[in-house]
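Note sheet for the following structure.
The values are calculated or read from the model by the stated rules, or taken from the named source; none is laboratory data. Being a predicted model, the structure only gives us computed values, none of them experimental. A quick note on method: Cβ atoms are made from the backbone with ideal geometry, for glycine too, and the neighbour counts reach across all protein chains shown.
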Amino acid sequence: MMGIYIFIFFAYLFGPLIIMSITAFNSAEFPSITPWECFSFRWFNEGKIAYDGQHLAGLLSDWRLHDGIISSLIIGAGVVTLSVPIGMAAAIVLTQVRSQLRDIYYSISIMPVLFPGVIIGISTVVLWDRIAGLGGEGFISDIGRNGIFLTILAQTCFISTYCFLIFVARLQRFDQTQEEAALDLGASQTQVFFKILVPYLSPAIASAAVIAFLFSFENYNTTVFSILSDQTLTTVIASKVRLGISPALSALALTIIALTIIAAVTYEVLRRRAEKRYAESQEKFVKEKAADNRINKKYKAGFKIPKGITAILLIVVFATYGATQIVKNDLYGQSCIDAADKEKKSKFLEQLQTLESNELTDEELSGGSLGGNQDYGDIFGDPSLFQDFGGFD
Amino acid sequence: MSADVELSDVSVTFGSFYAAKNVNVKVNGGEFFSFLGPSGCGKTTLLRAISGFQEPSEGKVLIDNKDMSGIGPNKRPTALIFQNLALFPLMSVSENIAFSLEVRGVSKEERKKRADELLELIALEGQGEKKVHQLSGGQKQRVAIARALAVEPKVLLLDEPLSALDLKLRQRMRTELREIQKRVNITFIYITHDQGEALTMSDRIAVMNEGELEQIGKCDEVYNNPLTPFVATFVGENNPLYGKVTGIEGDKAQIETADGQYLAMMNDSKKLNIGDESIAFVRPESLFIPRDGDSFDNKIDVNIESFEFEGNLKNFYARLQSGAKIKFSVPNAIDTSSISSGSSIALGFDSSKSVILPKASLAID
Ligand SMILES: Nc1ncnc2c1ncn2[C@@H]1O[C@H](COP(=O)(O)OP(=O)(O)OP(=O)(O)O)[C@@H](O)[C@H]1O
Ligand SMILES: [Mg+2]
């Protein structure tokens with residue numbers, strides 16, 4: 001029962017991602033699984049020039065996407081360098097504030113996460129537009145209208161709050177007498193900060209940096225306003241989706257998912273290795289101390305079946321099934337793609353021919369018996385229409 | 001190098017609460033001096049005032065006759081060993097010990113040399129590379145001492161450093177601390193709520209209660225000649241006998257209690273008058289079961305209630321006729337087979353081993 005529940009939950013969670021990932025390998029112009037055209041990597045590479053001459057960019061050839069990624073990386077780096085120190089400073093201040101003021105300070109500090117991102121984005125633009133206006137021509141006016149700069153500031157507003165929370169959590173477990181001990185041993189306040197506090201906070205600094213970067217990288221609602229005429233990855237994707245989805249986006253999604261999984265797995269492996277090393281050093285120490293070989297016994301771990309075995313089996317079964325189907329029906333490789341394109345092209349030509357054979361008359365094109373231009377575009381061309389209107393101030 | 005430490009009229013307040021009140025004491029250079037008092041009496045507060053973490057609300061702290069007000073903890077010639085040790089968990093043992101040198105910009109080789117010297121002093125040679133969490137409780141203790149000594153302080157302040165250790169280790173560390181103090185020959189100011197610890201290690205002790213000093217003196221002086229009922233009952237055990245003064249002759253006074261009259265020594269500092277409410281104190285080990293030829297100037301009839309074997313001592317709990325409880329101890333070597341619970345016996349004690357003091361509250365109620 002429990003198993004079924006978990007399966008449904010995971011299917012709900014990861015189903016769309018898996019489907020989307022599969023569509024990245026279908027050569028069709030629209031992301032789809034079931035008419036399966038051909039298995040191909042084209043959406044990761046060049047994309048295709050469609051039979052009607054339109055270029056459908058693949059992941060590697062899409063310069064707008066590349067520019068967006070670069071901006072996103074720059075913004076992410078900027079946000080990390082600003083948010084982490086700000087969050088850290090704010091959290092350290094919290095440890096120094098006493099009594100009732102503390103609650104007020106805390107509430108104010110976490111408020112930015114409660115604001116809608118849209119508002120943060122817009123207000124940043126409004127403020128800096130004014131500042132840029134004051135500065136006349138020159139540096140101030142340049143950066144005040146620089147989308148990347150504004151986005152860094154706007155995102156930092158609320159991302160530094162997440163960093164703040166991470167540091168607060170770590171500082172809560174900090175033993176303040178360590179600072180006092182360092183002071184007592186002759187350290188200055190600066191030395192206490194760099195030799196005691198920063199080393200203690202370093203895990204929090206790392207996680208705050210990662211979190212800040214991820215939040216920045218995936219942010220849309222603040223960025224879409226503050227980015228002005230520039231583009232980040234998220235705004236590029238959003239604008240692409242507006243024009244219709246392309247399998248290149250599936251390819252991008254899959255790449256991002258893969259990178260995330262690789263990063264997570266690497267992190268986990270490194271962490272376990274460090275943990276193991278720590279455990280070993282501890283064990284060595286205990287043995288040394290005990291000088292007694294009762295605990296020097298070697299334990300041989302038996303092979304254990306991993307818990308996720310059903311899920312893995314399921315994935316393997318489906319993948320094998322899919323792969324055999326593709327191979328059996330010869331749905332892969334350049335020849336398949338060429339054949340599919342040829343078929344589409346001929347269909348297209350057929351349609352063109354039908355269109356040409358049903359040629360419209362001039363009269364039909366000019367609006368029929370009613371005559372004249374029937375659209376309303378002309379309405380603003382009429383000089384008398386707004387005569388009585390006071391006009392725009 | 002050691003230094004005198006003088007507290008002159010020091011008070012520390014938190015709001016309207018006095019954590020320390022009008023403390024006057026002079027600790028001599030090279031002395032092992034202890035502040036003894038129950039939990040919450042303001043010992044840590046006093047120590048923080050000496051080390052510079054807490055400015056006194058009133059009064060002055062003088063180290064080597066220099067007024068320390070306005071001088072921060074990192075500028076005072078003191079080193080503090082914290083109640084929880086406060087070793088740096090991310091550093092190795094050597095790094096911990098050499099921290100004070102590092103912040104002073106001492107070169108790496110020099111630091112290593114000094115750390116090795118100190119490791120030898122605390123008998124942890126070759127363990128400098130270990131992390132703090134790999135040390136046992138007693139070893140951590142010694143590392144904390146070495147770290148404090150690395151600054152070459154003139155005064156070492158220790159805040160109940162042994163309280164987290166088990167009994168055996170605590171006893172061993174007492175001797176070690178005392179030895180280290182003799183070797184480095186600096187002033188040790190030691191804080192504890194354990195009177196055994198204070199008595200065995202210190203040259204002099206100061207007994208504190210609710211922020212005030214009750215008595216300062218050599219250990220035996222404080223033990224044998226307490227000045228207040230609090231000191232009498234906090235330092236060692238004491239049986240109180242409540243009554244009124246009925247006669248005074250020389251340095252002795254006669255006290256009339258519900259169970260009879262006793263003679264006890266008077267402390268000249270606190271004069272008693274006839275008719276004053278007072279308490280005579282007699283320690284469990286000063287109450288004797290009279291044998292042939294013994295003569296005591298005080299006799300007391302008790303009814304034995306229970307008995308407890310402590311090893312070197314046998315403790316008897318008894319009641320007087322008035323119902324007051326009394327405890328007496330007999331060395332294990334003495335045969336007490338004739339005494340059983342329920343039996344009534346007469347005990348004797350010498351007036352010179354008993355102290356009479358004006359009535360005031362005790363340490364244990
Ligand atoms: N920062 C502070 N603010 C308010 N009150 C305090 C502060 N520090 C200490 N106190 C109070 O001062 C009194 C003395 O505290 P102190 O820490 O000196 O006790 P202590 O004698 O060291 O006790 P223990 O043996 O338990 O360590 C206590 O009643 C404590 O509540
Ligand atoms: Mg304390």
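Filter region B:51-66 down to the residues that are more than 13 Å from ligand 1 (Cβ to nearest atom) and either among the hydrophobic types (A, V, I, L, M, F, W, C) or over 15 Å from residue B:14 (Cβ atoms) (or both) and list them by number.
Residues satisfying the conditions are B:52, B:59, B:60, B:61, B:62, B:63, B:64, B:65, B:66.
Being outside any loop (DSSP other than H, G, I, E, B) and surrounded by fewer than 21 Cβ atoms within 10 Å (Cβ to Cβ) is the filter here, so list the residues in region A:206-233 that pass it.
Listed by number, the residues that qualify are A:206, A:207, A:209, A:210, A:211, A:213, A:214, A:215, A:217, A:218, A:224.
Is region A:107-115 home to any residue that is among the hydroxyl-bearing types (Ser, Thr, Tyr), in contact with a helix residue (DSSP H, G or I) (Cβ under 6 Å, 6 or more places away or on another chain) and surrounded by 15 or more Cβ atoms within 10 Å (Cβ to Cβ)?
Applying the first criterion (among the hydroxyl-bearing types (Ser, Thr, Tyr)) to region A:107-115 yields A:107, A:109.
Next, only the ones that are in contact with a helix residue (DSSP H, G or I) (Cβ under 6 Å, 6 or more places away or on another chain) stay: A:109.
Narrowing the set further to residues that are surrounded by 15 or more Cβ atoms within 10 Å (Cβ to Cβ) leaves A:109.
Within region A:107-115 (the criterion being among the hydroxyl-bearing types (Ser, Thr, Tyr), in contact with a helix residue (DSSP H, G or I) (Cβ under 6 Å, 6 or more places away or on another chain) and surrounded by 15 or more Cβ atoms within 10 Å (Cβ to Cβ)), the answer is yes, since at least one residue qualifies.
Quick check, is residue B:326 in contact (Cβ under 8 Å) with a residue 60 or more places away in the chain, in a strand (DSSP E or B) and within 23 Å of residue B:235 (Cβ to Cβ)?
On the way: in contact (Cβ under 8 Å) with a residue 60 or more places away in the chain: yes; in a strand (DSSP E or B): yes; within 23 Å of residue B:235 (Cβ to Cβ): yes.
The answer is yes for residue B:326.
If we scan region A:136-154, do we find a residue that is surrounded by fewer than 18 Cβ atoms within 10 Å (Cβ to Cβ) and either within 14 Å of chain B (Cβ to nearest Cβ) or within 30 Å of residue B:149 (Cβ to Cβ) (or both)?
Within region A:136-154, none of the residues are surrounded by fewer than 18 Cβ atoms within 10 Å (Cβ to Cβ) and either within 14 Å of chain B (Cβ to nearest Cβ) or within 30 Å of residue B:149 (Cβ to Cβ) (or both).
Is it the case that some residue within region B:176-187 is within 13 Å of ligand 1 (Cβ to nearest atom), closer than 26 Å to residue B:21 by Cβ and assigned to a strand (DSSP E or B)?
Step one: list which residues in region B:176-187 are within 13 Å of ligand 1 (Cβ to nearest atom), which gives none.
No, the conditions are met nowhere in region B:176-187.
Under 8 Å between Cβ atoms, at least 6 apart or on separate chains: pull out the pairs that start in region B:1-24 with a residue that is in the same structural domain as residue B:187 (by TED's automatic domain parsing) and end on any residue that is polar (S, T, N, Q) and within 16 Å of ligand 2 (Cβ to nearest atom).
Taking only residues 6 or more apart or on different chains, the pairs are B:12/B:45; B:12/B:54; B:19/B:45; B:20/B:45.
So, of the residues in region B:51-93 that are more than 16 Å from ligand 2 (Cβ to nearest atom), within 14 Å of chain A (Cβ to nearest Cβ) and among the small types (Gly, Ala, Ser), which turns out to be farthest from residue B:165 (Cα to Cα)?
Taking the candidates together, the pick is B:72.
Against the conditions (1) in a helix (DSSP H, G or I); (2) in contact with a Leu (Cβ under 8 Å, 6 or more places away or on another chain); (3) away from chain A (no Cβ under 14 Å), where does residue B:117 fall short? Just the number, please.
For residue B:117, the exception is condition (2).
If we keep just the residues of region B:121-167 that are among the basic types (Lys, Arg) and in contact (Cβ under 8 Å) with a residue 40 or more places away in the chain, which is nearest to residue B:2 (Cα to Cα)?
Our first condition is that a residue be among the basic types (Lys, Arg); within region B:121-167, this holds for B:130-131, B:140, B:142, B:147, B:154.
Going one step further and asking which of them are in contact (Cβ under 8 Å) with a residue 40 or more places away in the chain, we end up with B:131, B:140, B:147, B:154.
On the way: B:131: 31, B:140: 25, B:147: 17, B:154: 4 Å.
Of everything passing the filter in region B:121-167, B:154 is nearest to residue B:2 (Cα to Cα).
Residue B:183 fails exactly one of the following numbered conditions: (1) more than 16 Å from ligand 2 (Cβ to nearest atom); (2) within 14 Å of chain A (Cβ to nearest Cβ); (3) of a type outside the set (Asp, Glu); (4) under 22 Å from residue B:219 (Cβ atoms). What is the number of that condition?
Exception for residue B:183: condition (2).
State whether one or more residues within region B:89-111 are within 16 Å of ligand 1 (Cβ to nearest atom) and surrounded by fewer than 19 Cβ atoms within 10 Å (Cβ to Cβ).
As a first pass, look at region B:89-111 and keep what is within 16 Å of ligand 1 (Cβ to nearest atom): none.
Looking for residues that are within 16 Å of ligand 1 (Cβ to nearest atom) and surrounded by fewer than 19 Cβ atoms within 10 Å (Cβ to Cβ), one finds none in region B:89-111, hence no.
What about residue A:158, is it within 14 Å of another protein chain (Cβ to nearest Cβ) and either modelled with pLDDT of 95 or more or part of a helix (DSSP H, G or I) (or both)? Can you show your working first?
On the way: within 14 Å of another protein chain (Cβ to nearest Cβ): no; either modelled with pLDDT of 95 or more or part of a helix (DSSP H, G or I) (or both): yes.
Criteria not met by residue A:158.
When the residues of region B:148-164 are filtered to those that are hydrophobic (A, V, I, L, M, F, W, C) and more than 16 Å from ligand 2 (Cβ to nearest atom), which remaining residue is farthest from residue B:28 (Cα to Cα)?
The first filter runs over region B:148-164 and keeps only residues hydrophobic (A, V, I, L, M, F, W, C), leaving B:148-151, B:155-158, B:162, B:164.
Now drop any that are not more than 16 Å from ligand 2 (Cβ to nearest atom), which leaves B:148-151, B:155-156.
Details: B:148: 20, B:149: 19, B:150: 22, B:151: 20, B:155: 10, B:156: 13 Å.
By that ranking, first place goes to B:150.
Which of the numbered conditions does residue B:48 fail, given that it passes all the others? Conditions: (1) within 13 Å of ligand 1 (Cβ to nearest atom); (2) without any contact (Cβ under 8 Å) to a residue 40 or more places away in the chain; (3) more than 10 Å from chain A (Cβ to nearest Cβ).
Just one mismatch for residue B:48, condition (3).
This table checks each residue for (1) out of contact with any Asp or Glu (no Cβ under 6 Å at 6 or more places or on another chain); (2) in a helix (DSSP H, G or I); (3) surrounded by 19 or more Cβ atoms within 10 Å (Cβ to Cβ); (4) polar (S, T, N, Q).
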residue	(1), (2), (3), (4)
B:34	yes, no, yes, yes
B:38	yes, no, no, no
B:48	yes, yes, yes, no
B:55	yes, no, no, no
B:60	no, no, no, no
B:70	yes, no, no, no
B:74	yes, yes, yes, yes
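Which of the residues belonging to region B:294-323 are closer than 18 Å to residue B:336 by Cα, over 32 Å from the mean Cα position of the chain (by Cα) and outside any strand (DSSP E or B)?
Of everything in region B:294-323, just one residue is closer than 18 Å to residue B:336 by Cα, over 32 Å from the mean Cα position of the chain (by Cα) and outside any strand (DSSP E or B), namely B:294.
Checking residue B:337 against (1) among the polar types (S, T, N, Q); (2) in contact with a Phe, Trp or Tyr (Cβ under 6 Å, 6 or more places away or on another chain); (3) loosely packed, with under 10 Cβ neighbours inside 10 Å, which test does it fail?
(2)
Restricting attention to region B:190-213, does a residue exist that is within 14 Å of chain A (Cβ to nearest Cβ), in contact with a Leu (Cβ under 8 Å, 6 or more places away or on another chain), under 30 Å from residue B:88 (Cβ atoms) and within 16 Å of ligand 2 (Cβ to nearest atom)?
Within region B:190-213, not a single residue is within 14 Å of chain A (Cβ to nearest Cβ), in contact with a Leu (Cβ under 8 Å, 6 or more places away or on another chain), under 30 Å from residue B:88 (Cβ atoms) and within 16 Å of ligand 2 (Cβ to nearest atom).
Going by the conditions given, is residue A:175 within 14 Å of another protein chain (Cβ to nearest Cβ) and on the phi < 0 side of the Ramachandran plot?
Values: within 14 Å of another protein chain (Cβ to nearest Cβ): yes; on the phi < 0 side of the Ramachandran plot: yes.
Here the answer is yes, as residue A:175 does meet what is asked.
Here is a list of conditions, (1) away from ligand 1 (no atom under 16 Å from the Cβ); (2) touching an Asp or Glu at 6+ places or on another chain (Cβ under 6 Å), and residue B:225 meets all of them except one; can you say which number that is?
Only one criterion is unmet by residue B:225, namely (2).
Among the numbered conditions (1) among the β-branched types (Val, Ile, Thr); (2) more than 10 Å from chain A (Cβ to nearest Cβ); (3) touching a Ser or Thr at 6+ places or on another chain (Cβ under 6 Å), tell me where residue B:122 comes up short.
Evaluating residue B:122 over (1) among the β-branched types (Val, Ile, Thr); (2) more than 10 Å from chain A (Cβ to nearest Cβ); (3) touching a Ser or Thr at 6+ places or on another chain (Cβ under 6 Å) leaves (3) as the failure.
Taking residue A:182 as meeting all but one of (1) part of a loop (DSSP other than H, G, I, E, B); (2) modelled with pLDDT of 90 or more, write down the number of the exception.
(1)
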